[in-house]
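Worksheet: the structure to be examined is printed underneath.
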Amino acid sequence: MIVGILKERKNPPDKRVVFSPDKLQELKIRFPSVSIKVESSDIRIFSDLDYKNAGFEVVNDLSDCEILLGVKEIPIEALISNKKYFFFSHTIKKQLHNRKLLQAILEKNIELFDHETIVKENGVRLIGFGRYAGIVGTYNGFRTIGLKNNSFHLPKASILANQNALIEQLQKIKLPPLKIVLTGSGKVAFGAKEMLDAMHIKQVSVSEYLEENFTESVFCIIDVLDYNKRKDGKVLDIYDFYNHPEAYESNFFRFAKVTDFFIAGHFFGDGSPILFSKENAKDPENKIRFIADISCDIDGPIASTIRSSTIENPIYGYDPITEKEVNFSDENAIVVMAVDNLPCELPKDASEGFGEMFLENVIPAFFDGDKNGILSRAKITENGKLTPRFSYLQEYVDGI
């Protein structure tokens, strides 16, 4: 089996890679029958020389590789027919801008495995960059506060070496007493919590957060049943919410009334209630002034997230009265950080962590007959057709 590590070709440039040189060495030790080639790249966080020094062949042509590993979408003209590809295709939610990509994958008889579809039997994702999105998004959120209040100045995350460097910067700043609410229970939220803990910000319970005042900054982590409630008043379990989201309505505004800084690290599923509505944003009792929307669902559960922002220009303002974008320095603005590719700002750490997950959860499936169904669940296309699991994409492919 010959595995190729792809050069990232999407713009803006992405420095991440599926495997660092060290993780590739570990892969080779554990599975010595695998041959590995690395496509030459002048933008990757690890240089061609790093891979050569680790003992790997760096080439300009991967056409003899059976399996090709990348991070972001592959340009259609760069796709090689009859290969197995792993990358984030951004097609499984019927994203219109990538319809032609999926059509080309089918035409070229490519087997597509989307990183997002590599899941356990219960649907829990096994690999991803979520932790790093949480880490960088939280840092950027505090940077936003400093810029808005002109109280401290943090450098951009993208010019710092790693998570430790981000933490060192955050530990230097002096915060006013802030109430910080963090939504979510997955890798994004836990990445955010790592940063809050590193800043020695005190975590408090939901009841403490809602009812008490503090002379120091505090944070509270809330999950779906904290910020949603059944319309009929029944109190059931989290599985009822997942199975019947239409039976629920948002209960988040009780947090908005006491929150200064909202870090959004939740997953927003189809049919889930709007979390923070335009009416909530207008309400005089709303205290939220800063939002780090790591989840970044446009025109979704958080009214102020009207567009994604960029690493270059990560911050904008939302005027709750006009419902329009304004300069973030505007007196009435809710200040929004909604970068949708946050892990790109921490490419070394993100690549090392991703490779570790891929080595543990995916590579063994090629050697154990896929006994846990990892590959079969993840495969979107085969023999020029959609697999049964992803047949719901047929109308999307057909342009209907």
In region 347-399, how many residues are in a helix (DSSP H, G or I), among the polar types (S, T, N, Q) and either crowded, with 20+ Cβ neighbours inside 10 Å or over 24 Å from the mean Cα position of the chain (by Cα) (or both)? 3
In the set Gly70, Gly134, the lone residue that is touching a Phe, Trp or Tyr at 6+ places or on another chain (Cβ under 7 Å), among the small types (Gly, Ala, Ser), over 20 Å from Ile374 (Cα atoms) and at pLDDT 95 or above is Gly134
Say we look at region 1-34 and pick out the residues that are over 23 Å from Leu342 (Cα atoms) and β-branched (Val, Ile, Thr); which of these is nearest to the chain's Cα centre (by Cα)? Val3
Filter result (closer than 20 Å to Glu107 by Cα and touching a residue at least 24 places away in the same chain (Cβ under 8 Å)) within region 354-388: Ala378, Lys379, Ile380, Thr381, Glu382, Asn383, Gly384, Lys385, Leu386
For residues that are in contact with a Leu (Cβ under 7 Å, 6 or more places away or on another chain), over 17 Å from Arg389 (Cα atoms) and surrounded by fewer than 20 Cβ atoms within 10 Å (Cβ to Cβ), tally how many sit in region 96-138. 2
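The values are calculated or read from the model by the stated rules, or taken from the named source; none is laboratory data. Since the model is a prediction, treat every value here as computed from it, not as a measurement. No Cβ is skipped: glycine too gets one built from the backbone with ideal geometry, and neighbour counts run over all protein chains shown.
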